[in-house]
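Peer 1: The structure under discussion is supplied below as structure tokens; questions concerning it will follow.
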Amino acid sequence: MGGISVHPLETQENRDMEDFIQYTVQGLSAGGFYALAALGLAVIFGALGVVNFAHGACYMLGAVGAAVLLGTFNINFWAALVIIPLLMFGFGVLIERLLIQWLLRLDILYNFLLTFGLALLLVDLVKREYGVSGLPYEVPPGLEGLVTIGSVSIQKYQLFVFAFSVVICLAVWLLLTRTRVGMIVRAATEEPERTRALGINVGRWVTPIFGFGIALAGLAGVLAAPFRAITASMGSNFIIVLFAIVVIGGLGSILGAVVAGFLVGLVEAYGQAYAPSFSQLVIFILMAIVILVRPAGLFGRRQEAV
Amino acid sequence: MLDITNLSASYGEARVLTDVSVTVNPGEVVTLVGRNGAGKTTLLKCVMGLHRDYEGGISLAGAPVDKRSPDQRAKAGIGWVPDDRGMYASLTVAENLTLPPVVHSSGWSLDKVYDAFPVLRERRNSMGTQLSGGEQQMLAIARVLRMGSRLLLLDEPSEGLAPVIVQRIGEIIREIKKEGVSVLLVEQNVKFASTVADRHYLLAQGRVVEQLDNADFQARESELLVHLGI
Ligand SMILES: Nc1ncnc2c1ncn2[C@@H]1O[C@H](COP(=O)(O)OP(=O)(O)O)[C@@H](O)[C@H]1O
Ligand SMILES: [Mg+2]
């Protein structure tokens with residue numbers, strides 16, 4: 001700063017601006033998979049009252065799954081984007097039927113412990129099978145390289161992740177607000193007992209909703225595969241950020257999860273760029289501010305499930 | 001239509017209903033009158049299947065429902081209008097109305113509902129909890145009428161509402177009675193109860209202490225008011 005002539009100062013400012021745009025896109029793309037995973041967490045919490053500690057591990061399974069599909073079966077990213085969420089849906093249904101459902105009537109703590117244990121188990125199983133070093137994955141064909149808009153160069157894949165997650169979040173939003181299934185899910189989330197008394201078999205919806213939430217975590221994992229290190233422990237840091245997101249957005253709020261997901265992605269990217277030594281801390285400072293100003297989170301009004 | 005026989009219910013150790021027998025015949029409006037804490041809401045919850053800790057029998061149109069879940073009982077024709085009106089904050093007025101399935105062909109069409117309650121048509125896109133107390137009560141009743149429930153459980157529908165609205169609710173009850181729907185009405189408003197009901201059960205400390213037809217009920221109104229402590 002404080003240049004002598006006008007010309008270089010302008011260039012410097014332009015460059016700052018270009019950097020800023022790049023960080024923004026980077027933040028929005030990271031925010032994309034945060035938003036998807038947080039959405040899954042929120043839907044599960046809403047419908048089952050379960051805080052899924054295994055969500056980070058499911059995200060990791062999504063990424064590892066994509067890497068295995070590519071490395072072992074030569075199945076590419078685009079196919080993985082469909083196959084992995086389907087597999088994770090099945091996995092979620094299995095877990096809910098085999099384990100979660102038996103603890104739903106008990107104290108919330110039991111499902112804390114169960115999903116926490118499940119996360120450890122999944123991480124160790126993957127470690128045993130694939131070791132601790134990262135699995136390779138490449139940016140999918142067609143999305144390599146940069147696009148240049150004006151004088152700013154942006155990674156194509158980051159733009160894709162942002163756009164794709166916005167589309168998925170919108171689709172989920174429409175599903176919840178415009179369809180009969182969505183209406184039932186909202187009602188059951190708000191008042192499960194009362195909804196039963198109105199002739200709706202709420203229990204029938206619980207299993208698919210859990211599967212759906214897990215599928216979203218898996219989908220986030222596939223999206224992350226091309227630009228995050230794919231390791232067994234990649235979910236452990238992720239789940240901490242996810243919880244910060246859910247607290248910021250408001251526990252159980254679906255809109256809150258999405259908005260806070262993108263917000264945290266941005267804050268993290270700016271943090272890494274402008275305050276690298278505090279980049280993680282920045283998220284938790286944001287969380288602390290939100291809790292102070294709005295203890296229930298940005299969108300956390302108990303009555304508003306959506 | 002509804003037969004409750006020798007029903008006793010508890011919350012854990014605390015017994016709140018003892019040996020209660022109540023019958024509602026087809027097309028009949030029957031009230032349960034009693035002080036706060038007498039166990040009226042608990043009895044309705046037992047009928048709905050929301051309170052399962054009871055002994056004795058409940059049958060609907062001759063068929064026992066004790067083993068059935070709340071959603072099965074609703075599908076069998078029991079319509080619950082809870083004391084807090086049961087609005088969903090995350091659902092619009094129209095969604096609040098159309099959430100439950102139609103369980104019987106006699107269910108009111110949405111148009112019929114909106115004609116009977118024009119305010120619901122006007123406010124169909126508002127959220128359920130943005131309605132006034134009276135409007136919420138109308139919606140809660142309209143919801144079970146749309147389902148086509150054959151037995152309505154109304155839990156203090158007149159409570160806290162302005163006289164005009166209470167009067168309107170009375171009209172609705174008389175109208176659905178004409179359609180052959182049975183009503184089990186919980187009330188503390190003795191005057192209101194006497195304008196709509198055929199028979200009355202007095203409930204005190206979890207027991208039925210008296211059963212009266214409406215003429216007796218009206219004749220003894222002042223005595224009952226004292227008894228109820230209202
Ligand atoms: N969920 C509950 N747990 C324990 N006790 C309850 C519960 N609900 C009601 N009770 C008790 O049961 C008794 C009857 O309550 P209720 O059925 O609500 O009476 P009413 O509707 O006639 O006012 C009261 O003594 C009340 O305190
Ligand atoms: Mg009551």
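Peer 1: Return the pairs, sorted by first residue and then second, in which the second residue is part of a helix (DSSP H, G or I) and open to solvent by 60 Å² or more (accessible area, probe 1.4 Å), the first residue lies in the range A:180-194 and is more than 10 Å from chain B (Cβ to nearest Cβ), the beta carbons are less than 8 Å apart, and the residues are 6+ apart or on different chains.
Peer 2: A:Val181/A:Leu175
Peer 1: Taking the residues in the range A:90-111 that are over 16 Å from A:Ala57 (Cβ atoms) and crowded, with 17+ Cβ neighbours inside 10 Å as candidates, determine which candidate is nearest to the chain's Cα centre (by Cα).
Peer 2: A:Val93
Peer 1: Is it the case that some residue within the range B:160-168 is part of a loop (DSSP other than H, G, I, E, B) and within 16 Å of ligand 1 (Cβ to nearest atom)? Lay out the reasoning, then the answer.
Peer 2: Filtering the range B:160-168 down to residues part of a loop (DSSP other than H, G, I, E, B) leaves B:160-162.
From the residues that got through so far, the ones that are within 16 Å of ligand 1 (Cβ to nearest atom) too are B:160.
Checked against the condition, which is being part of a loop (DSSP other than H, G, I, E, B) and within 16 Å of ligand 1 (Cβ to nearest atom), the range B:160-168 yields at least one hit.
Peer 1: I would also like to ask the following. Which one of the conditions (1) within 11 Å of another protein chain (Cβ to nearest Cβ); (2) closer than 24 Å to B:Val24 by Cα does B:Thr98 fail to meet, given that it meets all the rest?
Peer 2: (2)
Peer 1: Quickly run through the range B:116-143 and pick out the residues that are surrounded by 15 or more Cβ atoms within 10 Å (Cβ to Cβ) and within 23 Å of B:Gly34 (Cβ to Cβ).
Peer 2: B:Gln137, B:Ala140, B:Ile141
Peer 1: Further question on the same structure: Filter the range A:115-138 for residues that are in contact with a Ser or Thr (Cβ under 6 Å, 6 or more places away or on another chain) and of a type in the set (Asp, Glu) and give the result.
Peer 2: none
Peer 1: I'm trying to understand the selection: among the residues of the range B:47-64, which are under 15 Å from the mean Cα position of the chain (by Cα) and open to solvent by 20 Å² or more (accessible area, probe 1.4 Å)?
Peer 2: Within the range B:47-64, B:Leu50 is the sole residue that qualifies.
Peer 1: Name the single residue that is farthest from B:Ile173 (Cα to Cα) among those in the range B:10-27 being open to solvent by less than 20 Å² (accessible area, probe 1.4 Å) and more than 11 Å from ligand 1 (Cβ to nearest atom).
Peer 2: B:Val20
Peer 1: From the list B:Lys75, B:Lys67, which one is away from ligand 1 (no atom under 16 Å from the Cβ), loosely packed, with under 15 Cβ neighbours inside 10 Å and at negative phi?
Peer 2: Numbers: B:Lys75 fails: loosely packed, with under 15 Cβ neighbours inside 10 Å.
Sole residue among the options that is away from ligand 1 (no atom under 16 Å from the Cβ), loosely packed, with under 15 Cβ neighbours inside 10 Å and at negative phi: B:Lys67.
Peer 1: Are any residues in the range B:169-206 in a strand (DSSP E or B) and away from ligand 2 (no atom under 16 Å from the Cβ), and if so, which ones?
Peer 2: Of the range B:169-206, the ones in a strand (DSSP E or B) are B:182-187, B:199-204.
Of everything in the range B:169-206, those that are in a strand (DSSP E or B) and away from ligand 2 (no atom under 16 Å from the Cβ) turn out to be B:Ser182, B:Val183, B:Arg199, B:His200.
Peer 1: Can you tell which of B:Leu7, B:Leu44 is modelled with pLDDT of 95 or more, open to solvent by less than 40 Å² (accessible area, probe 1.4 Å), within 14 Å of chain A (Cβ to nearest Cβ) and within 14 Å of ligand 1 (Cβ to nearest atom)?
Peer 2: Numbers: B:Leu7 fails: within 14 Å of chain A (Cβ to nearest Cβ).
One residue alone meets the criteria, B:Leu44.
Peer 1: With farther than 30 Å from A:Val185 by Cβ, basic (Lys, Arg), in contact (Cβ under 8 Å) with a residue 12 or more places away in the chain and within 16 Å of ligand 1 (Cβ to nearest atom) as the only criterion, which of B:Arg174, B:Arg207 stands out? Full working, then the answer.
Peer 2: Details: B:Arg174 fails: within 16 Å of ligand 1 (Cβ to nearest atom).
Sole residue among the options that is farther than 30 Å from A:Val185 by Cβ, basic (Lys, Arg), in contact (Cβ under 8 Å) with a residue 12 or more places away in the chain and within 16 Å of ligand 1 (Cβ to nearest atom): B:Arg207.
Peer 1: Kindly indicate whether A:Pro140 is at pLDDT 90 or above and either open to solvent by 30 Å² or more (accessible area, probe 1.4 Å) or not acidic (Asp, Glu) (or both).
Peer 2: Details: at pLDDT 90 or above: yes; either open to solvent by 30 Å² or more (accessible area, probe 1.4 Å) or not acidic (Asp, Glu) (or both): yes.
When the stated conditions are applied, A:Pro140 passes them.
Peer 1: Could you list, in sequence order, the residues of the range A:142-167 that are hydroxyl-bearing (Ser, Thr, Tyr) and in a helix (DSSP H, G or I)? So that I can check it myself, show each step before the final result.
Peer 2: Narrowing the range A:142-167 to residues hydroxyl-bearing (Ser, Thr, Tyr): A:148, A:151, A:153, A:157, A:165.
The answer is A:Tyr157, A:Ser165.
Peer 1: May I pose another question? Please give the number of the condition B:Ser90 fails out of (1) open to solvent by less than 40 Å² (accessible area, probe 1.4 Å); (2) among the hydroxyl-bearing types (Ser, Thr, Tyr); (3) in a strand (DSSP E or B); (4) more than 11 Å from ligand 1 (Cβ to nearest atom).
Peer 2: Going through the list (1) open to solvent by less than 40 Å² (accessible area, probe 1.4 Å); (2) among the hydroxyl-bearing types (Ser, Thr, Tyr); (3) in a strand (DSSP E or B); (4) more than 11 Å from ligand 1 (Cβ to nearest atom), B:Ser90 breaks only (3).
Peer 1: Follow-up question, since we're still on this one. Identify all residues within the range A:195-221 that are more than 7 Å from chain B (Cβ to nearest Cβ) and on the phi > 0 side of the Ramachandran plot; write none if there are none.
Peer 2: First, the residues of the range A:195-221 that are more than 7 Å from chain B (Cβ to nearest Cβ): A:195, A:202-221.
Once the filter is applied, which keeps residues that are more than 7 Å from chain B (Cβ to nearest Cβ) and on the phi > 0 side of the Ramachandran plot, the range A:195-221 yields nothing.
The values are calculated or read from the model by the stated rules, or taken from the named source; none is laboratory data. On a predicted model such as this, the values are computed, not experimentally measured, just so you know. In this analysis, Cβ positions are derived from the backbone assuming ideal geometry, glycine residues included, and neighbour counts consider all displayed protein chains. Calculation scope for accessible area: heavy atoms of the full protein, side chains included, ligands and nucleic acids excluded. Shrake-Rupley method; radii C 1.70, N 1.55, O 1.52, S 1.80 Å.
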